[in-house]
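> A single structure is presented below for examination.
The values are calculated or read from the model by the stated rules, or taken from the named source; none is laboratory data. In this text the structure is predicted, and so the values were computed from the model without any measurement. Neighbour counts run over all protein chains shown; Cβ positions are idealised from the backbone, glycine included. Calculation scope for accessible area: heavy atoms of the full protein, side chains included, ligands and nucleic acids excluded. Shrake-Rupley method; radii C 1.70, N 1.55, O 1.52, S 1.80 Å.
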Amino acid sequence: MLDKTRNIIDGPEAGKKITTDAHYEHHHLDLKQETNEFESNSENAQTATVVPEGKQEMSREGVEYPDTRRVPGIPLNLVIAGCPSLRSFYQGVIRHWHQLFDAACHIQSAMGISPSAWEEAQKCMGPEQASILVVAMLERFADLGSPGGYLCTLTAKAVVGKVSSGLMVMALIGRRSAA
């Protein structure tokens, strides 16, 4: 069964060994060509230019690549499960990140976070990550003396890579299960 599966994945000839010098030389040339192609593609990748947040990256050939630096590392359904207070700010079911962002915009103003602090968080982390943080902050709103100041602190930490919105949500879930 395992051999059949390997034949399907690798092809029936993959299991046969090639031992003649002529075949080895041909294989060696193929590897050299692949290496040269890889190196030229690596040089092209290194010259790609980065465009401001939320935009696309463009390589030298003009091909656009999505900016994936800010894709949340936690599934949306876990964010929603970890932040049940969110339901009071958003009517309906949240199924997409843009809906979470809409809810976070309402929460941000209701918590008294200044528009400039909210915009800075979005600029530094991206709208999805900033939304997760604001929604998570809502769960601990009673414990926060200054939600705007706390968001500014989290934003500053995010700039140097010391904030994980996923860990914040998981801590909320763990805290709820322990209670």
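> Residues to consider are I113, I132; find the one that is within 20 Å of G82 (Cβ to Cβ), touching a residue at least 40 places away in the same chain (Cβ under 8 Å), surrounded by 15 or more Cβ atoms within 10 Å (Cβ to Cβ) and not basic (K, R).
Of the residues listed, the single one that is within 20 Å of G82 (Cβ to Cβ), touching a residue at least 40 places away in the same chain (Cβ under 8 Å), surrounded by 15 or more Cβ atoms within 10 Å (Cβ to Cβ) and not basic (K, R) is I132.
> All but one of (1) open to solvent by 70 Å² or more (accessible area, probe 1.4 Å); (2) in a helix (DSSP H, G or I); (3) small (G, A, S) hold for A103; state the number of the condition that does not hold.
For A103, the failing item is (1).
> Residue check: is A121 of a type outside the set (F, W, Y), open to solvent by less than 40 Å² (accessible area, probe 1.4 Å) and either closer than 18 Å to I80 by Cα or modelled with pLDDT under 90 (or both)?
Values: of a type outside the set (F, W, Y): yes; open to solvent by less than 40 Å² (accessible area, probe 1.4 Å): yes; either closer than 18 Å to I80 by Cα or modelled with pLDDT under 90 (or both): no.
Criteria not met by A121.
> What single numbered condition from (1) surrounded by fewer than 18 Cβ atoms within 10 Å (Cβ to Cβ); (2) farther than 13 Å from V79 by Cα; (3) not hydroxyl-bearing (S, T, Y) fails to hold for P147?
(1)
> Please state which one of S85, S177 is open to solvent by 40 Å² or more (accessible area, probe 1.4 Å), without any contact (Cβ under 8 Å) to a residue 12 or more places away in the chain and outside any loop (DSSP other than H, G, I, E, B).
Details: S85 fails: without any contact (Cβ under 8 Å) to a residue 12 or more places away in the chain.
Criteria check complete, one pass: S177.
> Another one. For residues that are part of a loop (DSSP other than H, G, I, E, B) and either open to solvent by less than 90 Å² (accessible area, probe 1.4 Å) or at positive phi (or both), tally how many sit in the stretch 150-174. Let's see the steps before the verdict.
Going residue by residue through the stretch 150-174, those that are part of a loop (DSSP other than H, G, I, E, B) are 160-164.
Filter again for either open to solvent by less than 90 Å² (accessible area, probe 1.4 Å) or at positive phi (or both), leaving 161, 163-164.
Counting residues in the stretch 150-174 that are part of a loop (DSSP other than H, G, I, E, B) and either open to solvent by less than 90 Å² (accessible area, probe 1.4 Å) or at positive phi (or both) gives 3.
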